[in-house]
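Structure record follows, encoded as structure tokens.
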Amino acid sequence: MCGWRHDFHLHPELGFKEHRTAENVADLLEEFGIQIHRGIGGTGIVGILQSGDGKRSIGLRADMDALPITESGTCEYRSQHDVVSSFSGSSGGDEASGTPSFPPGGLPRHQVASDDPVMFIIGPKTAGAS
């Protein structure tokens, strides 16, 4: 998990331009066996983990847009793009990778406690959206 998160931080993308990020997040969710709907609101993704035939759903939301800020850190996975950084702190997840507080890979089918689907809503841009 650290490897792909570092990759997202290396290659942040501004809002509504998260094409690489969206593709990588969708591919990862598909690897976890999650059904994917792409292009929501442009570059957004909705993943559905269906564990039964429940009628209600549980939704987990994350953002994947970066901010137009120069990153001053020195870590090896620092942004490779000038004036684009993947940190925000405005939500409970990792904005650059579209990762909620816990990753979809941490919810395998056999551990979902109900028959209700779990929806992973990965949005293209929230702060200053227009």
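Each value in this text was obtained by applying a stated rule to the coordinates, not by laboratory testing. Only a predicted model underlies this, so the values are computations on that prediction, with no experimental measurement involved. Cβ placement follows ideal geometry from the backbone for every residue including glycine, while neighbour counts extend to all protein chains displayed.
Restricted to the stretch 1-18, and to residues that are in contact (Cβ under 8 Å) with a residue 12 or more places away in the chain and under 24 Å from Val118 (Cα atoms), which residue is surrounded by the most Cβ atoms within 10 Å (Cβ to Cβ)?
Glu18
Go through the stretch 38-78 residue by residue and tally those that are in a loop (DSSP other than H, G, I, E, B) and within 17 Å of the chain's Cα centre (by Cα).
5
Among residues belonging to the stretch 19-69 that are among the hydroxyl-bearing types (Ser, Thr, Tyr) and surrounded by 14 or more Cβ atoms within 10 Å (Cβ to Cβ), point out the one that is farthest from His81 (Cα to Cα).
The selected residue is Ser51.
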